[in-house]
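A short worksheet on the structure shown next.
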């Protein structure tokens with residue numbers, strides 16, 4: 001089938017450009033661009049509340065920490081399908097890889113705003129390697145993994161562009177790329193947590209642990225699975241016409257399988273969190289204000305959605321699964337913000353604590369919006385939710 | 001490189017994966033770093049500090065820092081708790097005495113120049129160096145501005161030039177390293193009128209501090225802060241009241257910062273080394289499972305076909321047998337009939353003949 005035929009088959013003529021949603025997106029973009037100009041002409045102090053006690057703020061806590069965790073759907077889905085033989089998840093791989101690729105790309109864009117001299121970001125890789133730093137490890141792995149995700153995603157773009165030869169070459173690398181992706185994800189997901197192991201005196205004892213690396217890695221798994229469910233439910237609502245029969249046919253199985261997997265991992269995560277508390281003997285902190293907050297995170301945003309997942313899978317209750325996925329996603333954001341900001345410098349008096357500047361919030365919304373717009377642009381044009389008719393036989 | 005004594009990290013090759021280049025892993029050995037021999041330090045005897053802020057003024061001058069809004073002679077500044085920032089490498093804070101209520105206590109804050117600095121361990125471009133003179137110095141020419149050093153520092157010392165656009169730097173006390181190389185004292189030590197600061201070889205300062213504590217056991221707390229804290233620092237402190245009382249954390253422990261992350265770093269090359277095995281193993285197992293399942297399926301199908309064939313053949317054979325028998329019977333019947341007819345015909349012929 002020719003490309004025109006594909007277009008007419010899958011893309012009915014678009015609606016007007018001036019929809020209310022597009023107007024809101026336009027406003028966010030305009031504000032984002034304004035803050036961007038301010039950031040790169042006035043310095044960090046112009047658009048952030050960062051100070052000497054809080055060198056890391058919302059952009060690290062949310063854009064980087066939560067962003068990377070929520071982009072974990074890429075490695076979990078591709079590993080399940082290609083490495084662990086769960087072929088029934090095949091149609092979920094492309095949306096997950098796309099979400100992950102956009103997520104990581106925006107993490108890197110966001111970092112350019114956050115670091116003082118962004119043009120030097122390649123320095124740790126090529127100029128002066130600080131190999132004793134866990135941040136070096138994070139930087140190296142994120143750079144490599146972004147490359148891997150780009151290659152994995154490029155298969156879709158190449159199909160769209162009709163570059164068959166190149167597409168086949170990269171497609172043949174699927175297995176190798178998947179293995180690389182899982183190794184790199186294991187390393188940097190865990191190292192993001194390990195970044196804080198150097199600061200036991202600053203992070204609240206309930207969140208600080210020698211196991212921080214393991215916590216971040218394990219939680220990234222159910223974060224990724226939940227994000228796939230969450231993204232899938234939104235896509236179903238807005239891009240239903242772009243989905244082929246295979247995708248639609250496999251979707252319920254994907255949701256049930258991922259919800260089941262997430263539930264199991266979440267309870268294992270609870271167990272290792274309790275082990276961490278027992279190990280450091282920090283039980284007595286549970287009675288404090290921070291202890292309450294810790295319990296809210298653990299019970300309200302891990303145990304509860306884990307339980308809801310289990311019940312919903314048993315009852316095949318897809319509405320409940322969607323709710324559990326949303327709570328889990330929020331819980332991961334909460335956890336990363338707790339480690340990075342809320343439980344960090346917990347001993348400081350309230351007036352010295354950090355709260356994000358409107359510029360930080362604005363630019364974070366800007367990044368998320370870019371991600372959503374890019375996602376929409378790609379899924380409405382490229383074979384994400386359906387198989388390109390020319391390549392049906394090859395996988 | 002003087003600081004990063006243990007470099008564990010796996011270097012991932014261009015394609016993404018390669019060998020682990022582990023260097024001296026002191027954390028896992030019985031070796032123990034006690035600082036460079038004959039390195040310098042400063043002993044801060046807080047019982048002698050009068051809170052005059054001369055050290056702040058001297059620091060500002062020798063480092064060419066911008067003039068603050070309130071002059072250094074304005075002692076009202078001491079009423080608020082301050083920390084080091086981009087325009088002040090050192091500050092003096094005032095605290096309340098518990099022993100003698102109403103009397104103030106003073107303590108100077110600046111970089112403690114750790115023997116094994118957290119900032120240097122955390123920096124991913126090696127911008128910090130622990131020099132053999134004892135100073136921890138910073139090289140702005142490689143700094144990316146990630147500010148992980150500020151997260152890592154247990155004493156909350158490094159500050160950042162947040163308002164600079166093109167060349168923001170991390171700033172902190174240098175122990176006047178350039179002046180040391182010229183044979184001069186650090187600015188703050190040189191100017192202190194109360195002899196609350198003593199510059200010297202760290203070993204000598206430790207001996208001096210012990211001597212003071214021994215001579216005046218009532219005046220001092222029996223502890224030299226910085227001897228062991230975070231693995232030891234080049235700045236040392238003795239006080240008349242608890243260190244907490246003068247705003248110093250007593251819960252930092254004695255583990256040098258690099259040792260805290262040694263375990264997490266050591267795992268990295270293991271993951272890089274073993275994950276390919278586990279993952280290809282998982283892949284191979286799932287493939288094998290599929291293959292076996294396919295084979296079993298094929299076998300079952302073949303079996304079923306064979307069984308059906310057998311049954312059909314048997315049935316056919318039986319049918320053939322039956323047919324054969326029937327045919328034979330029919331033939332015999334026919335033969336018999338023919339014979340009978342022939343006999344009859346013969347008999348009829350005989351009758352005609354007769």
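The values are calculated or read from the model by the stated rules, or taken from the named source; none is laboratory data. This is a predicted model, so every value here is computed, not measured. Neighbour counts are summed over all protein chains in view; Cβ atoms, including those assigned to glycine, are modelled from backbone coordinates with ideal geometry.
One table, with the values for the structure above:
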read-out	value
For residue B:183: the one exception among (1) buried (at least 18 other Cβ atoms within 10 Å of the Cβ); (2) at positive phi	(1)
Residue count for region A:156-204, restricted to those that are surrounded by fewer than 20 Cβ atoms within 10 Å (Cβ to Cβ), outside any helix (DSSP H, G or I) and more than 8 Å from chain B (Cβ to nearest Cβ)	4
Per-region count, region B:225-241, residues surrounded by fewer than 21 Cβ atoms within 10 Å (Cβ to Cβ) and free of Cβ contacts under 8 Å to residues at least 60 places away in the same chain	2
Condition check for residue B:319: more than 10 Å from chain A (Cβ to nearest Cβ) and more than 30 Å from residue A:75 (Cα to Cα)	yes
Checklist (1) at pLDDT 90 or above; (2) under 19 Å from residue B:197 (Cα atoms) applied to residue B:148, failing item	(2)
Residue A:148, sole failed condition from (1) touching a residue at least 40 places away in the same chain (Cβ under 8 Å); (2) surrounded by 24 or more Cβ atoms within 10 Å (Cβ to Cβ)	(1)
Of all residues making up region B:94-135, the number that are more than 14 Å from every other protein chain (Cβ to nearest Cβ), crowded, with 23+ Cβ neighbours inside 10 Å and in a strand (DSSP E or B)	1
Scan of region B:74-88 for residues that are away from chain A (no Cβ under 12 Å) and either under 31 Å from the mean Cα position of the chain (by Cα) or not in a loop (DSSP other than H, G, I, E, B) (or both), ordered by number	B:75, B:76, B:77, B:78, B:79
Counted residues, region A:123-152 - those being more than 9 Å from every other protein chain (Cβ to nearest Cβ) and over 20 Å from residue A:181 (Cβ atoms)	1
Selection count where residues are within 12 Å of chain A (Cβ to nearest Cβ) and in a helix (DSSP H, G or I), scope region B:229-271	18
Failed item in (1) over 11 Å from the mean Cα position of the chain (by Cα); (2) more than 10 Å from chain B (Cβ to nearest Cβ), with residue A:68 passing the rest	(1)
Residue count, region A:111-141 (criterion: surrounded by fewer than 23 Cβ atoms within 10 Å (Cβ to Cβ) and part of a helix (DSSP H, G or I))	9
Filter result for the condition that a residue is over 19 Å from the mean Cα position of the chain (by Cα) and part of a helix (DSSP H, G or I), over A:354, A:386, A:347, A:309	A:309
So residue A:93, is it surrounded by 17 or more Cβ atoms within 10 Å (Cβ to Cβ) and without any contact (Cβ under 8 Å) to a residue 24 or more places away in the chain	yes
Where residue A:232 falls short, out of the listed (1) without any contact (Cβ under 8 Å) to a residue 24 or more places away in the chain; (2) buried (at least 18 other Cβ atoms within 10 Å of the Cβ)	(1)
Residue list for region B:242-253, restricted to those being touching a helix residue (DSSP H, G or I) at 6+ places or on another chain (Cβ under 6 Å) and either buried (at least 19 other Cβ atoms within 10 Å of the Cβ) or in contact (Cβ under 8 Å) with a residue 60 or more places away in the chain (or both)	B:252
Complete set of residues in region B:166-182 that are touching a residue at least 24 places away in the same chain (Cβ under 8 Å) and outside any loop (DSSP other than H, G, I, E, B)	B:170, B:171, B:177, B:179, B:180, B:181
Residue satisfying all of: in region A:206-247; more than 10 Å from chain B (Cβ to nearest Cβ), more than 20 Å from residue A:303 (Cβ to Cβ) and not in a helix (DSSP H, G or I); modelled with the highest pLDDT among these	A:208
The one condition in (1) within 18 Å of residue A:65 (Cα to Cα); (2) buried (at least 18 other Cβ atoms within 10 Å of the Cβ) that residue A:355 fails to fulfil	(2)
Test: residue in region B:21-33 that is over 30 Å from residue A:147 (Cα atoms), exposed (fewer than 13 other Cβ atoms within 10 Å of the Cβ), touching a strand residue (DSSP E or B) at 6+ places or on another chain (Cβ under 6 Å) and at pLDDT below 90	no
Residue in region B:272-280 that is assigned to a helix (DSSP H, G or I), within 14 Å of chain A (Cβ to nearest Cβ), loosely packed, with under 10 Cβ neighbours inside 10 Å and within 60 Å of the chain's Cα centre (by Cα) present	yes
Region B:146-165, subset surrounded by fewer than 23 Cβ atoms within 10 Å (Cβ to Cβ) and either over 19 Å from residue B:114 (Cβ atoms) or without any contact (Cβ under 8 Å) to a residue 12 or more places away in the chain (or both), residue farthest from the other protein chains (Cβ to nearest Cβ)	B:161
Residue within region A:244-256 that is under 16 Å from residue A:96 (Cα atoms) and under 16 Å from the mean Cα position of the chain (by Cα) present	no
Top-ranked residue in region B:57-73 [being assigned to a helix (DSSP H, G or I) and touching a residue at least 60 places away in the same chain (Cβ under 8 Å); ranked as surrounded by the fewest Cβ atoms within 10 Å (Cβ to Cβ)]	B:61
Condition met for residue B:194 (at pLDDT below 95, surrounded by 23 or more Cβ atoms within 10 Å (Cβ to Cβ) and either more than 14 Å from chain A (Cβ to nearest Cβ) or assigned to a loop (DSSP other than H, G, I, E, B) (or both))	no
